[in-house]
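*Asks:* What follows is a structure written as structure tokens; I'll ask about it next.
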Amino acid sequence: MRRFALSLLTTLAAALAVTGAAATTAVPPLPLPKKPDTVRLERVSGPSFLRVPPACYRQECALVVVSHPRGQSAERLLESTQVSVLVEALLDVPLAVLLSDDGGESTWGSPAALAQVASLRQEAGAHFAWNGRTYALGISMGGLLALRSALPGSPYPVGGVALIDPWTDLRNAWGTALTRRAEINHAYGLEEREPTPDLNPLMLAERAPRLPLFLVASPDDDVVPLETNAMRLRNRAAPGPSRFVQLSGPHLGGNRFSPKVADQLADFFGGLEAQATEQALRR
């Protein structure tokens, strides 16, 4: 009986030793994706989509928030072969890219839209190795929100702004068409009143410190007047990293989404990120 008991104890001890060893064995990490991930972020107004390159899981990356044109959506941006040319170039930097719903199809950079983007930005940052830095890219109507996000009073800091055929003057947009006027009045809760200067991103930018800007625009654009939007904002560009790319052709023509422009855009944000990283290391 004693020999049986000793044998039983020995067996139990061996089993416990094996169990303990198994418990302390490191679990191998899950393999990283080979292609960029797409994370869907839901809101009442519609989904937004976060694109994360594999590198941004193993090293800290910044986030680029993309604001869409009038009447479009984040889903439309995700499906656009033209926009994907720009996005892929940013993912290669590497940067994470948030295709934002902006609170709806025609929000014209309103305070409510900016508040929603602030919420989306915070949620997006939990899905990758975010370094806390943010940049903005605005396309057409999205220029108002992208610009406003980089100005004093924004709910989050933005280190640089890229704009393609952008609206920057809210008052100019309000006065160019009755349909735009109705949308802006609704988005801002203005009834029939004209937007006041404190709501106009261009007016605010003219009183704010200069910004790192990447501007793409055309004198042939008959939707967004070049002289009253991009050209006026050009005067607020910070010297050094800022760049103005003048192209020909109509509003949001295909040459805005060429590999050449995509590379220039990636160089702009990549340069800002490299500079910010260097400054952080010096602190």
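*Asks:* State which residue pairs qualify: first residue more than 17 Å from Q275 (Cα to Cα) and inside region 52-63, second residue part of a helix (DSSP H, G or I) and at pLDDT 95 or above in any location, beta carbons under 8 Å apart, and separation of 6 or more residues or different chains.
*Replies:* Listed by first residue and then by second, the contacts come to V52/H127; P53/L91.
*Asks:* Name the single residue, out of those in region 95-123 being part of a loop (DSSP other than H, G, I, E, B) and among the hydroxyl-bearing types (S, T, Y), that is surrounded by the most Cβ atoms within 10 Å (Cβ to Cβ).
*Replies:* Result: T107.
*Asks:* Taking only pairs six or more apart or across chains, which ones have beta-carbon atoms under 7 Å, a first residue in region 107-131 that is on the phi > 0 side of the Ramachandran plot, and a second residue that is part of a loop (DSSP other than H, G, I, E, B) and crowded, with 18+ Cβ neighbours inside 10 Å?
*Replies:* Sorted first by the residue in region 107-131, then by its partner, the pairs are W108/M141.
*Asks:* Taking only region 133-177 into account, find how many residues are over 21 Å from N235 (Cβ atoms) and among the basic types (K, R).
*Replies:* Total meeting the criteria: 1.
*Asks:* Hey, another quick one. Under 19 Å from G253 (Cα atoms), touching a Leu at 6+ places or on another chain (Cβ under 6 Å) and hydrophobic (A, V, I, L, M, F, W, C) - does that describe any residue in region 56-69?
*Replies:* Yes, there is a match, as at least one residue in region 56-69 is under 19 Å from G253 (Cα atoms), touching a Leu at 6+ places or on another chain (Cβ under 6 Å) and hydrophobic (A, V, I, L, M, F, W, C).
*Asks:* Continuing with this model, one more query. So which of Q82, Q59 ends up being out of contact with any helix residue (DSSP H, G or I) (no Cβ under 8 Å at 6 or more places or on another chain) and of a type in the set (S, T, N, Q)?
*Replies:* Q59
*Asks:* How many of the residues making up region 214-236 are closer than 20 Å to A262 by Cα and touching a residue at least 60 places away in the same chain (Cβ under 8 Å)?
*Replies:* Here the count works out to 1.
The values are calculated or read from the model by the stated rules, or taken from the named source; none is laboratory data. Predicted model, so just to flag it, every value in this text is computed and none were measured. Note that we place each Cβ from the backbone using ideal geometry, even for glycine, and neighbour counts take in every protein chain shown.
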